[in-house]
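**Student:** This structure is in structure tokens; I'll ask about it shortly.
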Amino acid sequence: MLKNKSVPVGNLLVAWCLGFFLFGTPANVHAKLHIVSTTTDLAAIAEEVGRNLVEVNFICRGYQDPHYVDPKPSFMRLMNQADLLLYHGLDLEGTWLPQIIEGSRNRKVRFGQMGNLDMSLGIDPILEIPQGIVDRSMGDIHPFGNPHYSMDPVNGMTLADSMAERLSILDPDNEKTYHANAEDFKSRVASKLKEWHEKLHDFEGTRIVTYHRSWSYFFHRFGLKYLGNIEIRPGILPSPRHLAELAVEMKRRKSDLILNANYYPPKWAELLAKKSGGRVAVLPVHIKGEPQVNTYIELIDYLVDQIAEKLSGSAGK
Amino acid sequence: MQRFLLATGLCVFLFSAPEIFAQTAKGPDEELKEFEKLMDQEILETMESKEYEEEKPLGSKELKRLDLMEERLKKVEGVARQRTTTFGTRGNALGATSTGVNRLFNPAISLNGLFTGAYRSEDNRKGSSGSALGNEFDTGFDVQELEFNAVAFVDNFLKGVMVLALHDLDAIEIEETYVDFVPFQNLSIRAGKYFTPFGRHNLLHAHQFPFIDAPLANVAVLGAEDGINEVALGINPILPLPWFSEFNFLIMDGRNDELFDSDFSDDLAYLMHSKNLWDLGENATLELGASYAFGQNGTSFEDTRTHVVGGDMTLIWSPLNRTRFRSLIWQSEYLAKFKSGAFDPTTAAAAPDEDVGGVYTSIQYQIHQRWWIQGRYGFVGLHQDARADEDTHRYSALLAFANSEFQSIRLQYNFIDFEDNGSRGFDEEHQVLLQLNFTIGSHPAHTY
Ligand SMILES: [Zn+2]
């Protein structure tokens, strides 16, 4: 008995090749450089530096927690078109960005390529680098230090420089424009910086409770201090005991401001305010986190104004 | 009739779960009230404690902790500067090449353990597990699986993955070992042994299963072992369509003994899968997939092929501003195999085809950051010959508590309804399964 088999592989290959030709159509000729950033903060600064030479898209919405983003395939599609990927690094996007890069099948934005830019490389100092051995019992700790550096306007300026530098490598013809745009952005931030310092000057040394340590760089710049955080450890929900401690300590130090980033549920902050006699400010921590904050300067402006206003109504410091 | 009762019962269970588990998963308002009560107690205790005095700025140990944290931060900031300048230039103990033991390039390793406890209402004879559909677990306790997962970039082109699994504490299995590679823009290639993209559930490792057990349809159609887990070469392009569309084409060695396993080594098997995903606004996505695989089976020299088809639909809702706190996943799959029977040369008659199909549909609802309630219905018995196996229905309910991404405790109840007594001597079975799932080491990749 002979082995009888028809080979249908041919048909399949034809079908598959058809698909190959379909996607093989030249889609890689962009007039503009396509930038994809993980957060709205980086996107907004990239807009300032690239202006009409670039098209900028971002993954994480301004009102979304950048620590926890679903690696949706639609982001892979977006990343597939990118010439340059901008991200915070320091493991902020560690649980979701690698899957998006891999799923995108875009060689340009893979690690180690010119189209892959870790924005933390230009930041100095990095705050809160854990000492000694890092362990999961510490919660979802940021093992390489705090990645929320874009909230310090001085870092904002550094970010613009890093972007201009990388864009000049990818698009050397427009090197001068990128650097000029970055300088323009920096001078606008610099002139605002004085005003911001003045507004918060009176509150230097004030202790504030926040949900997460999203505020470290902002506080560092303007001389504010943490009293504590609502989450026990990064990513770990508060316990009654922990909030009780905070409430007692707030009363003792006559500290009454609680900042809650708008993507964390405000219920614990509200409870703490009730017990300590403090007040809660639910604030955006990224651009486009609220409809009225659409640029980098608008974000810092908004935060400075809100915090100054809340603190000036306080009983003590 | 009974089925209706059960389905109703299951629905009632699902919707009343927050009350049933009042101690653990109560409504958000009540929970907050409870929280407040406890907090008041703690505040009182602190205020009454000896250490607490209005005038003294510091006293109790707990309060000192906050200041200690502040102190530590100051130190840390000083260290940060030093590190950024020295790290990577002089090396450290981990990366010392002079010792010949350089650990800096170790792969990212994670280990996963699954401890299970099970109760079966029927058939507790030793060794009866696995003999029929729906009884993978014996009454008692077991280490269901221990998984070792290592990932690293091989060089500037390849990423390598190795997954070893220990089952029932005695057998080691190479569950996956493959490399990924992006040779051209828009196309990736995977080569090695891996869980193939035949639908959604077939891709998962045991510790990623949404329920403690696999869907009946996957077990009945693709086999109880690992489903379609093959040594294969897969080409995976992204198609240039207005939505996310991925296509997989795999040439496989065809070793799955339920489906392929031909007597000839040149009989390869083939698999195709199309995955399509649409965003429904910002907070939801719809995924539709279709799968097809075929290959020569091992029943005879004749052209006896097995065709496997599948379809899947998944709706995920996860509000962007509360991703970690609430989500809903509705997932359904249809799977069927059409396996031509053997031709017996002595009688010149063909044996009956072994066709079988099944479906499942499941809902996973995250009611709280750490709590999930889930329900699943599964059915096997489509396309079956009248003489072949009977219809089987299974109704499952599950409650999961996940303290973090690295640990979960799950309690599952199954009711299995067989068409008749068959050879097993009972036509209904109740099961209670309990599982502890933990991961140590590197952060496991999130899937969507
Ligand atoms: Zn953080």
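The values are calculated or read from the model by the stated rules, or taken from the named source; none is laboratory data. As the structure is a computational prediction, the values presented were derived from the model and not from experiment. Positions of Cβ are backbone-derived with ideal geometry, glycine not excepted, and every protein chain shown enters the neighbour counts. Remember, those area values only see protein heavy atoms, side chains included, never the ligands or the DNA or RNA. Shrake-Rupley method; radii C 1.70, N 1.55, O 1.52, S 1.80 Å.
**Student:** Which pairs have Cβ atoms under 9 Å, sit 6 or more apart or on different chains, and link a residue in region A:138-149 that is at negative phi to one that is polar (S, T, N, Q) and within 8 Å of the ligand (Cβ to nearest atom)?
**Tutor:** Close Cβ pairs (under 9 Å, with a partner that is polar (S, T, N, Q) and within 8 Å of the ligand (Cβ to nearest atom)) amount to A:146/A:214; A:148/A:214.
**Student:** Applying the selection to region B:162-186, what residues are under 24 Å from residue A:110 (Cα atoms) and surrounded by fewer than 18 Cβ atoms within 10 Å (Cβ to Cβ)? Let's see the steps before the verdict.
**Tutor:** As a first pass, look at region B:162-186 and keep what is under 24 Å from residue A:110 (Cα atoms): B:162-163, B:176-186.
Hits for region B:162-186 are B:177, B:179, B:181, B:183, B:184, B:185.
**Student:** Answer yes if at least one residue in region A:132-141 is assigned to a helix (DSSP H, G or I), within 16 Å of the ligand (Cβ to nearest atom) and within 9 Å of chain B (Cβ to nearest Cβ), and no otherwise.
**Tutor:** yes
**Student:** Next question, about the same structure. So if I check each of A:42, A:53, which one is touching a residue at least 60 places away in the same chain (Cβ under 8 Å), under 21 Å from residue A:179 (Cα atoms) and within 16 Å of the ligand (Cβ to nearest atom)?
**Tutor:** Within the list A:42, A:53, the selection yields A:42.
**Student:** Then there is this: Filter region A:279-306 down to the residues that are part of a helix (DSSP H, G or I), in contact (Cβ under 8 Å) with a residue 24 or more places away in the chain and out of contact with any strand residue (DSSP E or B) (no Cβ under 7 Å at 6 or more places or on another chain) and list them by number.
**Tutor:** Correct list: A:296, A:297, A:299, A:300, A:301, A:304, A:305.
**Student:** For the structure I just gave you, tell me whether residue A:103 is facing chain B (nearest Cβ under 10 Å) and within 16 Å of the ligand (Cβ to nearest atom).
**Tutor:** The answer is no for residue A:103.
**Student:** Which of (1) under 25 Å from residue B:444 (Cβ atoms); (2) buried (at least 24 other Cβ atoms within 10 Å of the Cβ); (3) within 13 Å of chain B (Cβ to nearest Cβ) is the odd one out, the single condition residue A:65 does not satisfy?
**Tutor:** So residue A:65 meets the others, but not (2).
**Student:** Hey, can you tell me all the residues within region A:149-171 that are within 16 Å of the ligand (Cβ to nearest atom) and within 14 Å of chain B (Cβ to nearest Cβ)?
**Tutor:** Residues satisfying the conditions are A:149, A:152, A:155.
**Student:** Look through A:287, A:230 and report the one residue that is within 16 Å of the ligand (Cβ to nearest atom) and in contact with a Leu (Cβ under 9 Å, 6 or more places away or on another chain). Before you say what the answer is, go through the steps one by one.
**Tutor:** On the way: A:287 fails: within 16 Å of the ligand (Cβ to nearest atom).
Exactly one of A:287, A:230 is within 16 Å of the ligand (Cβ to nearest atom) and in contact with a Leu (Cβ under 9 Å, 6 or more places away or on another chain), namely A:230.
**Student:** Which of the residues belonging to region A:95-135 are open to solvent by 20 Å² or more (accessible area, probe 1.4 Å), in contact with a Gly (Cβ under 8 Å, 6 or more places away or on another chain) and closer than 17 Å to residue B:238 by Cβ?
**Tutor:** Scanning region A:95-135 gives a single hit, A:108.
**Student:** If you don't mind, another one. Does residue A:266 count as open to solvent by 10 Å² or more (accessible area, probe 1.4 Å) and either hydroxyl-bearing (Ser, Thr, Tyr) or in contact with a strand residue (DSSP E or B) (Cβ under 9 Å, 6 or more places away or on another chain) (or both)? So that I can check it myself, show each step before the final result.
**Tutor:** Details: open to solvent by 10 Å² or more (accessible area, probe 1.4 Å): yes; either hydroxyl-bearing (Ser, Thr, Tyr) or in contact with a strand residue (DSSP E or B) (Cβ under 9 Å, 6 or more places away or on another chain) (or both): yes.
Yes.
Per-residue answers, yes or no, for (1) surrounded by fewer than 17 Cβ atoms within 10 Å (Cβ to Cβ); (2) of a type outside the set (Asp, Glu); (3) at the interface with chain B (Cβ under 9 Å from one of its Cβ atoms); (4) under 19 Å from residue B:326 (Cβ atoms):
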residue	(1), (2), (3), (4)
A:224	no, yes, no, no
A:227	no, yes, yes, no
A:231	no, no, no, yes
A:238	no, yes, yes, yes
A:246	no, yes, yes, no
A:249	no, no, yes, no
A:255	no, yes, no, no
A:274	yes, yes, yes, no
A:288	no, yes, no, no
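**Student:** Return the only residue of B:234, B:281, B:227, B:223 being of a type outside the set (Ser, Thr, Tyr), touching a Lys or Arg at 6+ places or on another chain (Cβ under 9 Å) and under 24 Å from residue B:447 (Cβ atoms).
**Tutor:** Working: B:281 fails: touching a Lys or Arg at 6+ places or on another chain (Cβ under 9 Å); B:227 fails: touching a Lys or Arg at 6+ places or on another chain (Cβ under 9 Å); B:223 fails: touching a Lys or Arg at 6+ places or on another chain (Cβ under 9 Å).
So the residue among B:234, B:281, B:227, B:223 that is of a type outside the set (Ser, Thr, Tyr), touching a Lys or Arg at 6+ places or on another chain (Cβ under 9 Å) and under 24 Å from residue B:447 (Cβ atoms) is B:234.
**Student:** All but one of (1) open to solvent by 60 Å² or more (accessible area, probe 1.4 Å); (2) touching a residue at least 12 places away in the same chain (Cβ under 8 Å); (3) of a type in the set (S, T, N, Q) hold for residue B:396, so report the exception by its number.
**Tutor:** For residue B:396, the failing item is (1).
**Student:** Regarding region B:287-305, can at least one residue be identified that is within 11 Å of chain A (Cβ to nearest Cβ), at pLDDT 95 or above and surrounded by fewer than 18 Cβ atoms within 10 Å (Cβ to Cβ)?
**Tutor:** Yes, there is a match, as at least one residue in region B:287-305 is within 11 Å of chain A (Cβ to nearest Cβ), at pLDDT 95 or above and surrounded by fewer than 18 Cβ atoms within 10 Å (Cβ to Cβ).
**Student:** Hey, another quick one. Kindly provide the set of residues from region A:187-222 that are under 20 Å from the mean Cα position of the chain (by Cα) and either open to solvent by 10 Å² or more (accessible area, probe 1.4 Å) or within 16 Å of the ligand (Cβ to nearest atom) (or both), ordered by number.
**Tutor:** A:210, A:211, A:212, A:213, A:214, A:215, A:216, A:217, A:218, A:219, A:220, A:221
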